[in-house]
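The values are calculated or read from the model by the stated rules, or taken from the named source; none is laboratory data. Quick caveat: nothing in here was measured; it's all calculated off a predicted structure. So basically every Cβ, Gly included, is an ideal-geometry build from the backbone, and we count neighbours across all protein chains shown.
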Amino acid sequence: MAPTCQVGIDSADVKGYKAEVSLHEPASAALARIAELEALLSAERQRSAQLENERDVLRASHERLRLELELLKRRLFVAKAERVDTQQLELEFAQKLRALEEVADTLARIGHEGRDHRVATDR
């Protein structure tokens, strides 16, 4: 009689592969099945590692894109905040120019009055 393998598992489901091991199956067949399942497990672990690496790369890429988007938003909003309304600036400039002209006129009148007063007192 052929040696038998004493495995306590009747069935296991490994990613769509049904693994059935009979309690009275020959040891060589059980060992072959174990080797097959270990190979499948190794392949799945490699695939899992590749997917984890891909996930990490995508996360890093996502973070870089998020930071770039935030930077672009800041540049856009800062640019809007720094823009000067030229019409408003012209109005403010015109008001300042009028005030400056009034001060110049006042100084000119004071200067003329002062000279007139000196000329009158010199006589």
* Asked: Which ones in region 24-48 are part of a loop (DSSP other than H, G, I, E, B) and either modelled with pLDDT of 95 or more or surrounded by fewer than 12 Cβ atoms within 10 Å (Cβ to Cβ) (or both)?
  -> His24
* Asked: Quick one: is Glu90 assigned to a helix (DSSP H, G or I), modelled with pLDDT of 90 or more and surrounded by 10 or more Cβ atoms within 10 Å (Cβ to Cβ)?
  -> no
